[in-house]
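A short write-up of the structure that comes next.
The values are calculated or read from the model by the stated rules, or taken from the named source; none is laboratory data. This one's a predicted model, so the numbers in the text were calculated from it and none came from an experiment. The protein model used for the area step is the full one, side chains on, heavy atoms only, and it has no ligands, DNA or RNA in it. Shrake-Rupley method; radii C 1.70, N 1.55, O 1.52, S 1.80 Å.
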Amino acid sequence: MAIANYAKFHQFKERIQSIPASFSDDYLINDHFLLEKDEKKKIEIYYAPFEYVNEEAKVVIVGITPGLHQMKKSFSTVIDAAGTEFNDEEILRQVKNNSSFEGTMRKNLVKMLDELGLNEYLGLSSSIELFEEASHLVHTSSVLPYPVFYNGKNYSGSTPNLLKNEVLKKYVTDYFATELYNLDNPLIIPLGVNVSNALTYLADQGIVERNCILSGFPHPSGGNGHRHKQFAENKEAMQEKLKEHFLQQSLI
């Protein structure tokens, strides 16, 4: 268990906890939490406390970037922790548990993971337990760990191209990639094509073990109308990959 080495929580904790519990978007999307912007590409990157790293994880689930909904949940968790005895690591752990892929996305994600049989390899009745009592088995993250907005909306990973924009690429290589250094060859599940491309790039650089990546998993967002088709087309190959990965792990 650890806090990411790039973490900025100590800089922003008091600022977040000074926000009223019933806050509007304006309290989050403003210069107080702006980390970086690319005006030409209409990209803005804001702080949110997604900086907990579960170094004991057997599975890493990777999205593109936290959206506004997840950002709100993360701030609420930090605000609720004000006045408690929780240390920073515990607060950040709660942020991940409460906010990661929260909502309909988590429901769709769990359904597909169970259909692949991941829960059985982990000894769980359902993959929903990864977000509950079995959270010690999973590390959730994003290739862009902080919320990124394109033209004022959640960034999808497509426009601008994630790996061709130097500002965004920096967050993949200098932030997200460092989270993986101390993990012991977990199964990495990239959600969607754009995340898969980023993981493939890191594998090409020798930063990630290629044989640990479960390719072909669709993004579980309700807005992804192609996810059922994508899942069906790749299901057999993904099940074979799961079998190979966990067999290899059992032999180590």
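Numbers at a glance
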| read-out | value |
| --- | --- |
| Semi-axes of the equivalent ellipsoid for segment 45-109, Cα gyration tensor, largest first, Å | 20, 15, 11 |
| Using alpha carbons only: equivalent-ellipsoid semi-axes of segment 98-189, gyration tensor based, whole Å | 28, 17, 11 |
| Accessible surface of the chain [probe 1.4 Å, protein heavy atoms]: carbon and sulfur percent | 45 percent |
| Cα-Cα pairs of segment 116-163 separated by more than 16 Å (percent) | 56 percent |
| Accessible solvent surface per residue of the chain, calculated while the other protein chains remain in place, 1.4 angstrom probe, Å² | 48 Å² |
| For segment 160-252, fraction of C-alpha pairs farther apart than 17 Å, in % | 56 percent |
| Given LYS111/LYS164; LYS58/LYS243; LYS72/LYS169; LYS111/LYS229; LYS58/LYS111; LYS37/LYS169, the pairs whose alpha carbons are separated by over 22 Å | LYS111/LYS164; LYS72/LYS169 |
| LEU130, LEU124, LEU247, reordered so the largest accessible area comes first (probe 1.4 Å) | LEU247, LEU124, LEU130 |
| Percent of Cα pairs exceeding the 23 Å cut-off, where the set is the chain | 49 percent |
| Measure of compaction for segment 1-137 (Cα Rg per 2.2 N^0.38 Å) | 1.13 |
| Other-chain or far-sequence residues with amide H under 5 Å of HIS219's (modelled H) | GLY192, VAL193 |
| Accessible surface, 1.4 Å probe, highest first, among residues ARG210, ARG15, ARG106 | ARG210, ARG15, ARG106 |
